[in-house]
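Written below as structure tokens is the structure these notes are about.
The values are calculated or read from the model by the stated rules, or taken from the named source; none is laboratory data. Keep in mind the model is a prediction, meaning the values are calculated, not measured. Ideal geometry is used to build each Cβ from the backbone, glycine not excepted, and the neighbour counts take in all protein chains shown. Side chains are part of the model used for accessible areas, which takes the heavy atoms of the whole protein and leaves out ligands, DNA and RNA. Shrake-Rupley method; radii C 1.70, N 1.55, O 1.52, S 1.80 Å.
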Amino acid sequence: MQCPSCQHTDSRVLESRSADSGRSVRRRRECLHCEFRFTTYERVETVPITVVKRNGTREAFNRSKLLHGLIRACEKTGLEPSRLEAVVDELELQLQGRSGREVGSGEIGELVLQQLAGMSDVAYVRFASVYRQFQSVSDFVATLEGLKTGGERRGSGKHLAVVG
């Protein structure tokens, strides 16, 4: 393991413990060269999930990219980062449990919105505005109406259908 401070490759493990509900191991390490302490995580390598983007390109599922988007949507809403990490963990487990290894970015966005709907209306609207690429105030109004009526939120792009 390479030290993030001096890039030396020898370190010793100070402490190990289970993390992410047993799906990974957290290790506290110390560099044998500069004595810098750092944390690493080990998780079981799974079959990679490919995300099919709107424009047809494909890229590997990136949990940190999704978590970053969630954190941005949830800024100043009072939602704990650990709760958002749990949302990403749950989503990743759902995707790993599927038989197919490709998933559309739209499907991932809808799964995230389902989770956010029960957590924070503000975070829901923020995430939806970026994910669904709102173009006008009417897009926001349609989403807010769906939240107000408690209807199911579906659709993408400029026009949002609110099904009650």
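Relative to the Cα centre, the charge distribution of the range 1-121, modelled as +1 at Lys and Arg Cβ and -1 at Asp and Glu Cβ, gives a dipole magnitude of about 200 debye. From the Kirkwood radius over Cα pairs of the range 55-146, Stokes-Einstein at 4 °C and 1.567 mPa s returns a whole-number translational diffusion coefficient of 93 µm²/s.
Legend: helices of the chain (whole DSSP H runs) are marked when their alpha-carbon atoms reach 24 angstrom or more along the helix axis and their mean Kyte-Doolittle hydropathy is at least 1.6; nothing is marked. Averaging the sequence gap over all C-alpha pairs within less than 8 Å and six or more residues apart, then dividing by the number of residues, gives the chain a relative contact order of 13 percent. Accessible surface for the range 1-93, divided over its residues, is 68 Å² per residue with a 1.4 Å probe. The calculated P(r) of the chain, using every Cα pair and 10 Å bins from 0, goes 9, 30, 30, 18, 9, 4, 0 in percent.
When the accessible area of the range 48-107 is computed with all protein chains present and a 1.4 Å probe, what percentage of it is carbon and sulfur? Ligands and nucleic acids excluded, carbon and sulfur reach 50 percent.
Judged by the mean number of other Cβ atoms found within 10 Å, the most tightly packed of the peptides 93-99, 5-11 leads the ranking 5-11, 93-99.
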